[in-house]
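Student: Below is the structure I would like to discuss, written out as structure tokens.
The values are calculated or read from the model by the stated rules, or taken from the named source; none is laboratory data. Every value quoted in this text rests on a predicted model; they were computed, and no experiment measured them. In this analysis, Cβ positions are derived from the backbone assuming ideal geometry, glycine residues included, and neighbour counts consider all displayed protein chains.
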Amino acid sequence: MADVLVVGSGAREHIFAQTFLKSPHVNQVFVAPGNPGMQTPGITPVALTTIPDLVKFAQDKAIALTFVGAEKLLAEGLVDAFEAANLPVFGPTQAAAQLESSKAFTKKLLHDYKIPTAMSQTTHSLPQAQSVLAQHAYPVVIKLDGLALGKGVHICQTAQEANTVINAIYTKYADAVLVIEDYLEGVEYSIFSFVGPKQVVHTPVAQDHKRLLDHDKGPNTGGMGAYSPVRWLSEADIQTAINQLVMPVLSAMEAEALPFRGVLYTGVMQTAQGPKVIEYNVRFGDPEAQVVLPQLQSDLFENLLDLQQGRPTQMHWQNQDVYLGVTLAAPGYPEQQLQNLAIPTLPNDIQIDYAGVTKVENTLVSRGGRVLTAVSHDKTATEAQAHVYAALNQRADDFIYRRDIGQQAVAFEKMEGL
């Protein structure tokens, strides 16, 4: 029997831990640092956050596989350190993680290899950014280079709004690098790919909801809900996006001597001109993991170990139901957030993946940020949506959550008479 280590502390890491534990080969899943909501038989949070401590833990416990959920330690070189210590790990090296950690690197790569994306310019100072904006059409998208946990993107409708944004950024970060790009019109969705040295395996497609409020209003967040699969997308559209956006960037990374291994998250905008890249991330999405991983019918531990070691593998996914998850956040998210709110008790048929929780006097309470994801599944998105909201309504009034997760899928089903 094997022990597995999952690195991270959120709802994404919770669902990965639960999925690894389903394997008959897995005895124990450690989550570093995890959170108290994960503490269940077979899943143990361990208070480790630094790369040296994680390497030592994996050595001492003879960890059979380490899976890195969160992006920060990938950008800091966790995989490099594990590989140097000859420890099995699934994730990209620090150099390959630039696909997420540097938007400027990624946009140059996309333009150099002619992978469809929004046209952009990279700026390194306030005067340079002002000059670019003075000649730009609106709306415009401004992205802060580096890791921003899903909150570094600003969509500005006017020149005044855009200049307010860049002034605030350069006041806070004098040496900020910005990517200023065209606004893409279309529908957004996410493709997730498990990438080994000899094989790429794609998961069911998901759509997440990044804005804080209903009808895509309010600030960008780390994600307020998601659903999967996305049935209003044709298989042909998905395959086109894989062929034009996913596989070419993996080839480009090989050509640049930066081979990518791990989870590639391709954010796609389906435009009138075809699919275009919004962003790449180098780890699974949160909350998308919470609605994709429960669909896996094969053994995640075996699948990822095979991929990591270059053996062929097959991942099997359900295709009967739609999985829909709603994220609860502490009031004030994503800025100042209230803490110590009691976590609502939800029905047993709702999957709960915990994130920003702690324990006070043996009771789970919020510690700010995104607190949990509540997931339901049913034959249609309409039924799954109704199910999860019936569980949340009147039980979760103390928290912020969107009431329209999956609305595009519901509208499609209504149009199709499903």
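Student: Being among the β-branched types (Val, Ile, Thr) and touching a helix residue (DSSP H, G or I) at 6+ places or on another chain (Cβ under 9 Å) narrows it down to one residue among Val177, Val246, Val165; which is it?
Tutor: Working: Val246 fails: touching a helix residue (DSSP H, G or I) at 6+ places or on another chain (Cβ under 9 Å); Val165 fails: touching a helix residue (DSSP H, G or I) at 6+ places or on another chain (Cβ under 9 Å).
Exactly one of Val177, Val246, Val165 is among the β-branched types (Val, Ile, Thr) and touching a helix residue (DSSP H, G or I) at 6+ places or on another chain (Cβ under 9 Å), namely Val177.
Student: Here's a follow-up. Under the condition of being within 20 Å of Phe194 (Cβ to Cβ) and of a type in the set (Gly, Ala, Ser), which residue from the stretch 231-279 is nearest to the chain's Cα centre (by Cα)?
Tutor: Here the residue is Gly267.
Student: Among the candidates Lys198, Lys143, Lys217, single out the residue that is basic (Lys, Arg) and touching a Pro at 6+ places or on another chain (Cβ under 9 Å).
Tutor: Lys198
Student: For the stretch 372-417: of the residues being in a strand (DSSP E or B) and among the polar types (S, T, N, Q), which is nearest to His14 (Cα to Cα)?
Tutor: Taking the stretch 372-417 first, the residues in a strand (DSSP E or B) are 372-378, 400.
Now restrict to residues that are among the polar types (S, T, N, Q): 373, 376.
Details: Thr373: 10, Ser376: 16 Å.
Here the answer is Thr373.
Student: Identify all residues within the stretch 33-81 that are in contact with a Pro (Cβ under 9 Å, 6 or more places away or on another chain), part of a helix (DSSP H, G or I) and under 16 Å from Leu99 (Cα atoms); write none if there are none.
Tutor: Leu74, Val79
Student: Does any residue in the stretch 259-270 that is of a type in the set (S, T, N, Q) come within less than 6 Å, Cβ to Cβ, of a residue that is not in a strand (DSSP E or B) six or more places away or on a different chain, and which pairs are these?
Tutor: Note: pairs meeting the criteria are Thr266/Leu245; Thr266/Val246; Gln270/Gly186.
Student: Could you please tell me which pairs satisfy a Cβ distance under 8 Å, a separation of 6+ or placement on different chains, a first residue in the stretch 193-222 that is within 27 Å of Asn243 (Cβ to Cβ), and a second residue that is of a type in the set (Asp, Glu) and modelled with pLDDT of 95 or more?
Tutor: If the second residue must be of a type in the set (Asp, Glu) and modelled with pLDDT of 95 or more, the pairs left are Gly196/Asp306; Ala206/Glu288; Asp208/Glu288; His209/Asp404.
Student: In the stretch 388-418, what residues are over 24 Å from the mean Cα position of the chain (by Cα) and not aliphatic (A, V, I, L, M)?
Tutor: Those that are over 24 Å from the mean Cα position of the chain (by Cα) and not aliphatic (A, V, I, L, M): Asn393, Gln394, Arg395, Asp397, Asp398, Phe412, Glu413, Lys414, Glu416, Gly417.
Student: Specify the residue that is modelled with the lowest pLDDT; the eligible residues are those in the stretch 207-227 that are among the small types (Gly, Ala, Ser) and not in a strand (DSSP E or B). Let's see the steps before the verdict.
Tutor: Filtering the stretch 207-227 down to residues among the small types (Gly, Ala, Ser) leaves 218, 222-223, 225-226.
If we keep only those that are not in a strand (DSSP E or B) as well, we get 222-223.
Numbers: Gly222: 88, Gly223: 94.
Selected residue: Gly222.
Student: Here's something else I'd like to know. Working only within the stretch 239-273, note down all residues that are modelled with pLDDT of 95 or more, small (Gly, Ala, Ser), out of contact with any Ser or Thr (no Cβ under 7 Å at 6 or more places or on another chain) and not in a helix (DSSP H, G or I).
Tutor: Ala257, Gly262
Student: Shifting gears a bit: Could you tell me which of the residues Gly223, Gly218 is crowded, with 17+ Cβ neighbours inside 10 Å, within 23 Å of Gln407 (Cα to Cα), in the same structural domain as Ile352 (by TED's automatic domain parsing) and not basic (Lys, Arg)? Step through it out loud before you land on a result.
Tutor: Numbers: Gly218 fails: crowded, with 17+ Cβ neighbours inside 10 Å.
The conditions single out Gly223.
Student: State whether one or more residues within the stretch 335-358 are under 29 Å from Arg283 (Cα atoms), of a type in the set (D, E, K, R) and buried (at least 17 other Cβ atoms within 10 Å of the Cβ).
Tutor: Within the stretch 335-358 (the criterion being under 29 Å from Arg283 (Cα atoms), of a type in the set (D, E, K, R) and buried (at least 17 other Cβ atoms within 10 Å of the Cβ)), the answer is yes, since at least one residue qualifies.
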